[in-house]
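First comes the structure, then the notes that go with it.
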Amino acid sequence: MIKNLGTFKDFSDGTLKTVFDVGDKKIIEMSLLFNKADKDVVCVPTHHFCNLGCKMCHLTNKGLNKKMTPINSEDFMECLYKSLTKDNIRKTDKDKLLISFMGVGEPLLNLKLIEEVYKKENIIKEKLGYKDIGYAIATMMPNDNILKLKEMVCRLNIPLKVHFSLHTPIDNERRNLIPSTNVFVEDALAYLVNYRNSLQSNKELMEKYIKLHTTNDPIEIHYTLIKGVNDQKEELTKLCELLHKYNIPIKFIRFNPTQDMQRSENEEKWVNKISNSVPGLRIKTYSPPGKEVGSSCGEFTKHYYHEEIETETQKEEFEKWKVKHLVLE
Ligand code: SF4
């Protein structure tokens, strides 16, 4: 029996996060974002926990020894319906939905979930009143799993965009920052280009795709600038070289500081340098919504995952946070 642990609101931008326990403290949290004029966006997980250990992640860098259990589609769908039911607080008149697999976990390690959710698309539309649904994933490791994704996307005509969380263009540094990834940066970029070419050569799929995404490019790089970690001249020079070679749009996601890592102040400098080096490339900067409720980049409602290692002070902080943000039990 799935237990609803509450819906929490970020009063600065309206983001609504709903948290569920599907049993045995297996958490699913979904965030409904209102930052797009033409569509609702729901940010969803693929796993109940993630132990890939990315150093900048607020979730896994705690030495917790929890398993990374894939979410099954039955639990996922039930949580999705509850997170998006158009009650008083969730009411929007938008008829498009973007399901964005950018929450807890690594989407390329649970392709089955993406496939099954897509196959239930008509039920989602019927139950929740959307006319069109688009899909997106953010991945740390576009290795040969992306070929399986591509095969599935092209076979089923899924309008799915892939965002590659690069975070440094230098292989050794990347292994240090994202220890679970083995893929070389250039191999990853080549996989992405291969994905783009395959989708763009599929006319029927692209017709669907452009209705649901801003551009007709199904790939994008995400880069979070962290002070002294990945924001130096060496990284910038290498990044310009790679962007020139592969011509992949890039989005700088503003970092939410952790205890040990701070946001870099070099964003403007980097954007200017890249636009001069790679004229015409799409470059964006982005402050993720939902910061107050842990929906922002690499943040989650940590309490529900870390309860067992929280100090008394952290537990008290959580209770205060809950009083402030809980809008539905
Ligand atoms: S950033 Fe994503 S993949 Fe990395 S540890 Fe956190 S949840 Fe897992």
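The values are calculated or read from the model by the stated rules, or taken from the named source; none is laboratory data. Just so you know, these numbers come straight off a predicted model, no measurement behind them. Using ideal geometry, Cβ is built from the backbone for each residue, glycine included, and neighbour counts are taken over all protein chains shown. Remember, those area values only see protein heavy atoms, side chains included, never the ligands or the DNA or RNA. Shrake-Rupley method; radii C 1.70, N 1.55, O 1.52, S 1.80 Å.
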Going through the range 98-110 in order, the residues found to be aliphatic (A, V, I, L, M) and under 23 Å from Tyr130 (Cβ atoms) are Leu98, Ile99, Met102
If a residue has to be open to solvent by less than 30 Å² (accessible area, probe 1.4 Å) and outside any helix (DSSP H, G or I) to count, how many in the range 170-193 make the cut?
3
Can you give me the number of residues within the range 265-295 that are in contact with a Lys or Arg (Cβ under 6 Å, 6 or more places away or on another chain) and closer than 30 Å to Lys324 by Cα?
4
Can you spot a residue in the range 169-181 that is out of contact with any strand residue (DSSP E or B) (no Cβ under 7 Å at 6 or more places or on another chain) and closer than 24 Å to Lys131 by Cβ?
no
Filter pass, His163 being over 21 Å from Glu207 (Cβ atoms) and either more than 17 Å from the chain's Cα centre (by Cα) or in a strand (DSSP E or B) (or both)
yes
Taking the range 22-62 as the region of interest, how many residues are among the small types (Gly, Ala, Ser), in a loop (DSSP other than H, G, I, E, B) and at negative phi?
1
Show the residue pairs that are 6+ apart or on different chains and have beta-carbon atoms under 9 Å apart, the first residue being within the range 101-120 and hydroxyl-bearing (Ser, Thr, Tyr) and more than 9 Å from the ligand (Cβ to nearest atom), the second being assigned to a helix (DSSP H, G or I) and open to solvent by 10 Å² or more (accessible area, probe 1.4 Å).
Tyr118/Leu156
Might you check whether a residue that is in contact with a Cys (Cβ under 8 Å, 6 or more places away or on another chain), outside any helix (DSSP H, G or I) and either at pLDDT 90 or above or within 16 Å of the ligand (Cβ to nearest atom) (or both) occurs anywhere in the range 295-312?
yes
Residues located in the range 43-88, provided they are modelled with pLDDT of 90 or more, among the hydroxyl-bearing types (Ser, Thr, Tyr) and either open to solvent by 10 Å² or more (accessible area, probe 1.4 Å) or near the ligand (Cβ under 8 Å from one of its atoms) (or both)
Thr69, Tyr81
Quick one: Pro169 ticks every box in (1) over 22 Å from Phe252 (Cα atoms); (2) more than 14 Å from the ligand (Cβ to nearest atom) except a single one, so which number is it?
(1)
Please determine, by comparing only the residues of the range 24-42 that are over 17 Å from Ile309 (Cα atoms) and of a type in the set (A, V, I, L, M), which one is farthest from the ligand (Cβ to nearest atom).
Ala37
Name every residue in the range 89-143 that is crowded, with 22+ Cβ neighbours inside 10 Å, in a helix (DSSP H, G or I) and touching a strand residue (DSSP E or B) at 6+ places or on another chain (Cβ under 6 Å), in order of residue number.
Pro107
All but one of (1) among the β-branched types (Val, Ile, Thr); (2) outside any helix (DSSP H, G or I); (3) buried (at least 22 other Cβ atoms within 10 Å of the Cβ) hold for Ile146; state the number of the condition that does not hold.
(2)
Identify, please: which residue in the range 250-260 is part of a loop (DSSP other than H, G, I, E, B) and among the charged types (D, E, K, R) and is, among those, farthest from Phe34 (Cα to Cα)?
Asp260
Between a first residue in the range 172-192 that is within 17 Å of Thr224 (Cα to Cα) and a second residue that is among the hydrophobic types (A, V, I, L, M, F, W, C) and open to solvent by 60 Å² or more (accessible area, probe 1.4 Å), which pairs have beta carbons less than 7 Å apart while being 6 or more apart in sequence or on different chains?
none
Is it the case that some residue within the range 205-214 is of a type in the set (Val, Ile, Thr) and at pLDDT below 95?
yes
Sort out which residues of the range 261-286 are open to solvent by less than 70 Å² (accessible area, probe 1.4 Å) and assigned to a loop (DSSP other than H, G, I, E, B), and write them in order of number.
Met261, Ser264, Asn266, Val278, Leu281
Boolean, Val327 is of a type in the set (A, V, I, L, M), farther than 30 Å from Asn4 by Cβ and open to solvent by less than 70 Å² (accessible area, probe 1.4 Å)
no
